[in-house]
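The values are calculated or read from the model by the stated rules, or taken from the named source; none is laboratory data. Keep in mind that what you see is a predicted model, and the values were worked out from it rather than measured. Counting neighbours? That spans all protein chains shown, and the Cβs are built from the backbone with ideal geometry, glycine included. Keep in mind that these areas ignore ligands, DNA and RNA; they rest on the heavy atoms of the full protein, side chains included. Shrake-Rupley method; radii C 1.70, N 1.55, O 1.52, S 1.80 Å.
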Amino acid sequence: MSSRERVLGRVRRALEDVPRDERPYEEAVTRDYRRVHGRRSVAETVELLAENLADYRAAVHRCADDEELPVLIARLLARRGSRYVLVPPGLPPEWTSAADPTPVHDRAASTPQELDRVESVVTGCAVAVAETGTIVLDGSPDQGRRRITLVPDHHICVVRVPDQVVSSVPEALERLDPTRPLTWISGPSATSDIELDRVEGVHGPRTLEVVLVGCR
C-alpha cells in the first residue's frame, strides 16, 4: 500500500459517520457576526489607527497632502542616514523626489544579500485596520514584492486617509483579494523568548514608520 492510499483510507474512515445530506461547512456556519464594533467618525477611526500603531511601536507621522509628502519622506530617510532606498515599480516618483538616497528598483534578480545592503524601503499599502493597528500589503505596483518589505531594516509605509483606512478586520477582508500575496503588519518585526525578552528586527524591519496622508 502506498502512502497516498494509506492517507486516503484514513480520510474515508474519518468520514464514515458523516451523513450524506450534511450541509457544507461554508453553508452551515453562520457569518452574521459584527463587522464593526461601535460607531466612529472618520477622524475617530484615524485616531484609533494612530494610537494602535503607536502601541505596536510604529512611528506615526501625518501630512496634509501629497505636496508635503516628499519633504516628509526625505526628512525620515535623512534622519535614518539611509544611502539607498528600495522603490517599488509603481511608487509615485514624486514621493521620493526630494530624497538624497540612491533609489534601488525592485528587481526579480536581486539577491537577499543585495537587498540587505539597502537601508530603507518606501511603499504604499492596500488597507489599514484601525482596531488592530495593522497595515496590509497585497503586492500591488506601489508595494512591490513581499521580500522588499522584509529584508531592509527600515520601512516607510504611506497610508491615504480616509480612503485606505477601515475600522475592522472584516471590513478590510472585503477589500482584499485572497489570491494576492497579502502581508499583514502590526508594528516592527518582533519576537520574544520564554522569558518575554523582546527582540526586534528578527523577521522583518526593525523600524516601521507610517505616514498618514490627508490629515493633521
- request: Kindly list, by first and then second residue, each pair from a residue in segment 165-176 that is assigned to a helix (DSSP H, G or I) to a residue that is acidic (D, E), limited to pairs with Cβ atoms under 8 Å and residues at least 6 apart or on different chains.
  value: V169/E131
message: What are the pairs with Cβ atoms under 7 angstrom where one residue, in segment 96-113, is exposed (fewer than 14 other Cβ atoms within 10 Å of the Cβ) and the other, located anywhere, is not in a loop (DSSP other than H, G, I, E, B) and not hydrophobic (A, V, I, L, M, F, W, C)? Sequence gap at least six, or different chains.
response: S97/P70; T102/Y84
field: Of all residues making up segment 177-186, the number that are part of a loop (DSSP other than H, G, I, E, B) and in contact with a Ser or Thr (Cβ under 9 Å, 6 or more places away or on another chain)
entry: 2
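Of all residues being β-branched (V, I, T) and at pLDDT 95 or above in segment 133-153, which is surrounded by the most Cβ atoms within 10 Å (Cβ to Cβ)? Just the residue, please. Give the steps one after another, and end with the answer.
Filtering segment 133-153 for residues β-branched (V, I, T) gives 134-136, 148-149, 151.
Then drop every residue that is not at pLDDT 95 or above, which leaves 134-136.
Numbers: T134: 20, I135: 30, V136: 22.
In this case the residue turns out to be I135.
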query: Looking at (1) part of a strand (DSSP E or B); (2) farther than 22 Å from D66 by Cβ, which is the only condition G139 fails?
result: (1)
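Listed here are the residues, each with its yes/no results for (1) open to solvent by 20 Å² or more (accessible area, probe 1.4 Å); (2) modelled with pLDDT of 95 or more; (3) among the charged types (D, E, K, R); (4) touching a Ser or Thr at 6+ places or on another chain (Cβ under 6 Å).
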site: R31; (1), (2), (3), (4): yes, no, yes, no
site: H37; (1), (2), (3), (4): yes, no, no, no
site: S41; (1), (2), (3), (4): yes, no, no, no
site: V46; (1), (2), (3), (4): no, yes, no, no
site: A59; (1), (2), (3), (4): yes, yes, no, no
site: A78; (1), (2), (3), (4): yes, yes, no, no
